[in-house]
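Student: I'd like to ask some things about the structure below.
The values are calculated or read from the model by the stated rules, or taken from the named source; none is laboratory data. These numbers were taken from a predicted model, which means no experiment stands behind them. Every residue, glycine as well, gets a Cβ built from its backbone with ideal geometry; the counts of neighbours run over all protein chains shown.
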C-alpha cells in the first residue's frame, strides 16, 4: 500500500519518532528524579525531550502542558500521554503514561508500607519543610520557563495577568479562565500561523 507522503503522526524535532522503550524510559526517569508534581517536571522534560533528544519543540511542550492542565487528571501524566500519542500513537500514549506513573506508584507503595510510621518524627518533619521550600523554587522556575515561551506579546501578557488577577484576587474558576483564554486566543491570534 502506498503512503502518498501522508503520515497521520507528523514527525517533529531532529530525531523523528522515538522507540516505545525510549518513551517509557525517559518519562520514568523524569518522574523518578523530580519531587513536586507536573510543574516541577517542566524544566526536566524540556531538557530531555527538547534539548537532548529533539523529539518535540519548545512550543509543542508548552502546548502539551497547557492542554494537560486543561483536561481532568494529573498534568504530568496528561502531558506524557499527549506527547506519547503524538510521537507513537496509542502505544506511545500508553507507555509514556506508564513510564510517568511507575516511579510514583512504587514510591507510594514503599511509603505506605515502611515510612508512614515515621511521619510524626521531628527530623522527618524538618526534612519535609526543606523539601517544600525547594519545590517552591522549582515551581517558580517552571512558571518562568513556561512564561518566557508563552507570553510573547502585550496581548498575551494581558491575558496572563488578567487570568492571574481573576483567579488570585477574585477567586475565579480556573476552568473559566482556560476557556476564556482559548476564546480570546481564537479572536486575537487567528492570523498567527506557526511555521
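Student: Mind listing whichever residues of segment 48-66 are out of contact with any helix residue (DSSP H, G or I) (no Cβ under 6 Å at 6 or more places or on another chain), surrounded by fewer than 21 Cβ atoms within 10 Å (Cβ to Cβ) and on the phi < 0 side of the Ramachandran plot?
Tutor: Selection gives 51, 52, 53, 57, 59, 60, 63, 66.
Student: Among the residues that make up segment 102-125, is at least one of them out of contact with any helix residue (DSSP H, G or I) (no Cβ under 9 Å at 6 or more places or on another chain), under 21 Å from residue 25 (Cβ atoms) and in contact (Cβ under 8 Å) with a residue 24 or more places away in the chain?
Tutor: No, segment 102-125 contains no residue that is out of contact with any helix residue (DSSP H, G or I) (no Cβ under 9 Å at 6 or more places or on another chain), under 21 Å from residue 25 (Cβ atoms) and in contact (Cβ under 8 Å) with a residue 24 or more places away in the chain.
Student: Scan segment 152-181 for residues that are part of a helix (DSSP H, G or I), surrounded by fewer than 14 Cβ atoms within 10 Å (Cβ to Cβ) and modelled with pLDDT under 80 and jot them down.
Tutor: 174, 175
Student: Given the residues 83, 75, 139, which is the only one that is in contact (Cβ under 8 Å) with a residue 12 or more places away in the chain and under 19 Å from residue 178 (Cα atoms)?
Tutor: Result: 75 is the single residue among 83, 75, 139 that is in contact (Cβ under 8 Å) with a residue 12 or more places away in the chain and under 19 Å from residue 178 (Cα atoms).
Student: Just checking, does segment 153-174 include any residue being touching a helix residue (DSSP H, G or I) at 6+ places or on another chain (Cβ under 9 Å) and closer than 30 Å to residue 19 by Cα?
Tutor: The answer is no, given that none of the residues of segment 153-174 is touching a helix residue (DSSP H, G or I) at 6+ places or on another chain (Cβ under 9 Å) and closer than 30 Å to residue 19 by Cα.
Student: Quick one: is residue 147 assigned to a helix (DSSP H, G or I), at pLDDT below 80 and farther than 20 Å from residue 31 by Cβ?
Tutor: Details: assigned to a helix (DSSP H, G or I): yes; at pLDDT below 80: yes; farther than 20 Å from residue 31 by Cβ: yes.
The answer is yes for residue 147.
Student: Is it the case, given these coordinates, that residue 107 is over 18 Å from the mean Cα position of the chain (by Cα), part of a helix (DSSP H, G or I) and surrounded by 11 or more Cβ atoms within 10 Å (Cβ to Cβ)?
Tutor: Spelling it out, residue 107 is indeed over 18 Å from the mean Cα position of the chain (by Cα), part of a helix (DSSP H, G or I) and surrounded by 11 or more Cβ atoms within 10 Å (Cβ to Cβ).
Student: Hey, which of the helices (runs of 4 or more DSSP H) in segment 2-99, taking only ones fully inside, have at least 2 residues that are at pLDDT 85 or above and over 30 Å from residue 130 (Cβ atoms)?
Tutor: Those helices (runs of 4 or more DSSP H) span 20-33, 58-70.
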